[in-house]
Amino acid sequence: MRAALVVLLLGVALPAAAEWRQAETEHFQIVYEAADQASADELASICEDVYAKVTGFFHSYPRKVPVVIRGRLDYANGMNAPFPERLELIVTAPSWPLMGSRSESWMRVLLTHELTHYVHLGMERGIFHGFSKVFGNDVRWGPAVFLPGWLIEGPPIALETILTECG
């Protein structure tokens, strides 16, 4: 259901010629354009390993993480978007020497960073998680409103440093 909503929302923002596909692993639902098949395959091959490390660090285990691969953009980035809940991974590798050329896999660094946001900010414990049982799953993202920037970006940078050759 979530993936269908994400595809619908992306359909408004992207050209109609895009052919969207889906792949699924135990903990991820991956949505991507046909042209990004290689990136989807790479993501599927590493995502469960990254999931185990990140969720093990926080002791919080989301059931299914929706991921949208964005390959048409010419810059390197990603984001954790809470509404509708998803990760967006812009798979263009960075061109600056401090990151792209030093890492074993841009996809691994990017997924580690964005999944850390997803798990850390949507933690499955605490008062907002309790509220989410009554008011819906979106409420669990509430703590992010109250956190300073260093506490939002600090854990992802720390984990990408610990778990990858980059960071």
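The values are calculated or read from the model by the stated rules, or taken from the named source; none is laboratory data. Treat the numbers as computed from the prediction; the structure is a model and nothing was measured. Here the Cβ is made from the backbone with ideal geometry for all residues, glycine too, and neighbour counts use every protein chain on show. With ligands, DNA and RNA removed, areas are computed over all heavy atoms of the protein, side chains included. Shrake-Rupley method; radii C 1.70, N 1.55, O 1.52, S 1.80 Å.
What number of residues in the stretch 11-58 are assigned to a loop (DSSP other than H, G, I, E, B), modelled with pLDDT of 95 or more and loosely packed, with under 13 Cβ neighbours inside 10 Å? Please lay out each step first, then the result.
So the first thing to find is which residues in the stretch 11-58 are assigned to a loop (DSSP other than H, G, I, E, B), and the list is 14-19, 25-27.
Cutting the leftovers down to modelled with pLDDT of 95 or more gives us 25-27.
If we keep only those that are loosely packed, with under 13 Cβ neighbours inside 10 Å too, we end up with 26.
Within the stretch 11-58, residues that are assigned to a loop (DSSP other than H, G, I, E, B), modelled with pLDDT of 95 or more and loosely packed, with under 13 Cβ neighbours inside 10 Å number 1.
Exactly one of (1) farther than 17 Å from PRO82 by Cα; (2) open to solvent by 40 Å² or more (accessible area, probe 1.4 Å) is unmet by CYS166. Its number?
(2)
Of the conditions (1) charged (D, E, K, R); (2) closer than 19 Å to THR161 by Cα; (3) assigned to a loop (DSSP other than H, G, I, E, B), ARG125 clears all except one; give me its number.
Unmet condition: (2).
From VAL109, VAL67, grab the single residue that is open to solvent by less than 50 Å² (accessible area, probe 1.4 Å), part of a strand (DSSP E or B) and touching a Cys at 6+ places or on another chain (Cβ under 8 Å).
Details: VAL109 fails: part of a strand (DSSP E or B).
Just one listed residue meets the conditions, VAL67.
Give the residue that is modelled with the lowest pLDDT, with candidates limited to residues of the stretch 95-136 that are over 20 Å from the mean Cα position of the chain (by Cα), of a type in the set (Phe, Trp, Tyr) and over 21 Å from THR55 (Cβ atoms). Steps first, please.
Step one: list which residues in the stretch 95-136 are over 20 Å from the mean Cα position of the chain (by Cα), which gives 95-98, 101-102, 126-128, 130-136.
Filter once more, so that each one left must be of a type in the set (Phe, Trp, Tyr): 96, 128, 131, 135.
Filter again for over 21 Å from THR55 (Cβ atoms), leaving 96, 131, 135.
On the way: TRP96: 65, PHE131: 84, PHE135: 87.
Only one residue tops the list, namely TRP96.
Checking the condition within 19 Å of HIS113 (Cβ to Cβ) and open to solvent by less than 30 Å² (accessible area, probe 1.4 Å), which residue from LEU89, LEU73 passes? Even if it seems obvious, please write down each step before you answer.
On the way: LEU73 fails: open to solvent by less than 30 Å² (accessible area, probe 1.4 Å).
Sole residue among the options that is within 19 Å of HIS113 (Cβ to Cβ) and open to solvent by less than 30 Å² (accessible area, probe 1.4 Å): LEU89.
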